[in-house]
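The values are calculated or read from the model by the stated rules, or taken from the named source; none is laboratory data. These numbers come from a predicted model, not from an experiment. FYI the Cβ positions are ideal-geometry reconstructions off the backbone, even for glycines, and counts take in every protein chain you see. Ligands, DNA and RNA are excluded from the accessible area calculation, which covers all protein heavy atoms including side chains. Shrake-Rupley method; radii C 1.70, N 1.55, O 1.52, S 1.80 Å.
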Amino acid sequence: MFGSGKKEQSSGDGSVNFQAEKITVQTGLSIAHVKEIALEVFENNFHKLSGVAKDTAEERARELTDNFLKEFSKRNPNGLEVAQDPGFQYDLYIAQKEFVRYGDQDLGEILVDILVDRTKHKEKDLRQLVLSEALVTAPKLTSGQIEILACHFNITLTKRNNFQSIKDFSKYISEVILPLSESVATAGVNYKHLEFVGCAAIRTGSWDLLEILRGAYPAIFCKGFSHEEFAKLREMDPNVTKVLIRCPHNPSLYQAGGMDDKINKQMCVSNGVSKEAETALLALNKNSMMSNVEAAEFIESVAPGFSKFVKGAKGSQFVNMELTSVGIAIAHAYSRKRLDFDADLSIWI
């Protein structure tokens, strides 16, 4: 419908050693070689445990390594040479160590996603620094705190471009936002911790959740304009009818067919609509927007539980929070693994 530890060195054939954590660099790499290096990095650096703990540690290290290589081969198959980089080997060990420590599957998926993004940055740049820090920081968060980051990220920093109907929007709120929002109305200590570990900053000012949604998806919140107004537009320029649709909220009314003004302008240009008619159409659309109260009632009707989320958000520091680059990286990784989200991190960092 809508457009849109201990420092050691050892040598082996074809290897170069660095005095740091015990790091081995090999050349002529394949996925099998990378796996061998990854496991060797863990074996040489992790403090030895005993009995069941040792077996569990080795099993978890292999699990994370296998999952990493699986994603690596899909998303960055030409980046095998990164395994030669001491900085990457250090970050790989951090991910292995933290997964071995906690064994949390959700954390493991986030670490793998961040680690794969990290393989794309051999040279020291902002994204490399952020991703390396995210590997250290993510294990310091509870699952609820990560959900707070992801909820904030998806509402304030992303825009879904594939909505074709109110049903699509309803599904997004019900299946993406509301499940994440359960952790939003939590004790302030969670927000203080997010700030403490460098994932967020708590500001004195606040942002309005409904204003953000109305701004991102105005077509969803358009109440439509009358047939009389439609006739005036048509008289101004018959081509304008090519960019109009029946209002989903009231089929007897009309609205522009694009999700927002940018798309509507593009549609007007491609359909030869005069500038005068375009301006009039955009003004009609703007004047037909729901108020925040109407928008809240509408969303609650298509996604029950939304009003509870709004109340919880307003009663917490969620609406005072601003994500840092590290918070964005962690939220982005969670969203990609859990929310069928596939935008590249470079959009934000």
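Dividing the Cα convex hull volume of the chain by residue count, how many Å³ per residue is that? Mind showing how you got there, number by number?
Values: hull volume 55.8 nm³, N = 349.
Roughly 160 Å³ of hull volume per residue.
Please compute, over every Cα-Cα pair in the range 176-267, the percentage with a separation greater than 18 angstrom. Write out the running numbers ahead of the final one.
Numbers: 2645 of 4186 pairs.
So the portion of pairs separated by more than 18 Å is 63 percent.
Can you send over the solvent-accessible area of M267, 1.4 Å probe, protein chains only, in Å² to the nearest 10?
50 Å²
Could you derive backbone 3J(HN,Hα) for the range 165-177 from the dihedral phi with the Karplus parameters 6.51, -1.76 and 1.60 (θ = phi - 60°), listing whole Hz in sequence and x where the residue is Gly or Pro?
So the Karplus estimates, Gly and Pro as x, are 7, 4, 4, 4, 5, 4, 5, 4, 5, 6, 9, 10, 6 Hz.
Using a Debye calculation, one point per C-alpha and no hydration shell, please list log10 I(q)/I(0) for the range 161-205 at q = 0.18 Å⁻¹ in order.
After summing over all Cα pairs, the log10 values are -0.70.
When the gyration tensor of the range 207-247 is built from Cα positions, what are the square roots of 5 times its three eigenvalues, in whole Å, from largest to smallest?
Values: eigenvalues 153, 19, 13 Å².
Result for the range 207-247: semi-axes of 28, 10, 8 Å.
For the range 173-230, what log10 I(q)/I(0) values come out of the Debye formula at q = 0.17, 0.20, 0.28 1/Å, with one point per alpha carbon and no solvent?
Those come out to -0.81, -0.99, -1.17, one per q.
Collect residues whose amide H, placed 1.01 Å from N in the peptide plane, falls under 5 Å from the amide H of T324; neighbours closer than 5 in sequence don't count.
A200, A201
Please list 3J(HN,Hα) in residue order for the range 241-252, calculated via the Karplus relation 6.51 cos²θ - 1.76 cosθ + 1.60 where θ = phi - 60°; whole Hz, with x for glycine and proline.
5, 6, 10, 9, 9, 6, 5, x, 7, 7, x, 7
Hey, can you rank 177-187, 110-120 by average C-beta count inside 10 Å, highest first? Let's see the in-between values first.
On the way: 177-187: 19.0, 110-120: 24.8.
Packing proxy ranking, top to bottom: 110-120, 177-187.
Pick out, from L323, P251, T142, the residue whose Cα sits farthest towards the positive end of the charge dipole of the chain, with +1 on the Cβ of Lys and Arg and -1 on the Cβ of Asp and Glu.
Projecting each Cα onto the dipole axis, the largest value belongs to P251.
Using 30 Å as the Cα-Cα cut-off, could you pick out the over-long pairs in K35/K122; K120/K262; K171/K242; K97/K192?
Beyond 30 Å: K120/K262.
If you take all C-alpha pairs in the range 221-349, what percent of them are over 23 Å apart?
On the way: 4453 of 8256 pairs.
Tail of P(r) above 23 Å: 54 percent of Cα pairs.
Any idea of the accessible area per residue across the chain, 1.4 Å probe, to the nearest Å²?
Numbers: 16800 Å² over 349 residues.
Each residue of the chain exposes 48 Å² on average to a 1.4 Å probe.
For the range 83-186, state the semi-axes of the equivalent ellipsoid (square roots of 5 times the eigenvalues of the alpha-carbon gyration tensor), sorted largest first and rounded to whole angstrom.
Details: eigenvalues 184, 61, 24 Å².
Value: 30, 18, 11 Å, ordered largest first.
At 1.4 Å probe size, put K308, K192 in order of accessible surface, largest to smallest. Intermediate values should be presented prior to the final figure.
Numbers: K308 160, K192 135 Å².
In descending accessible area the options line up as K308, K192.
Choose one of T56, Q89, G305: the residue whose Cα lies farthest towards the positive end of the charge dipole of the chain (beta-carbon charges +1 Lys, Arg; -1 Asp, Glu; about the Cα centre).
G305
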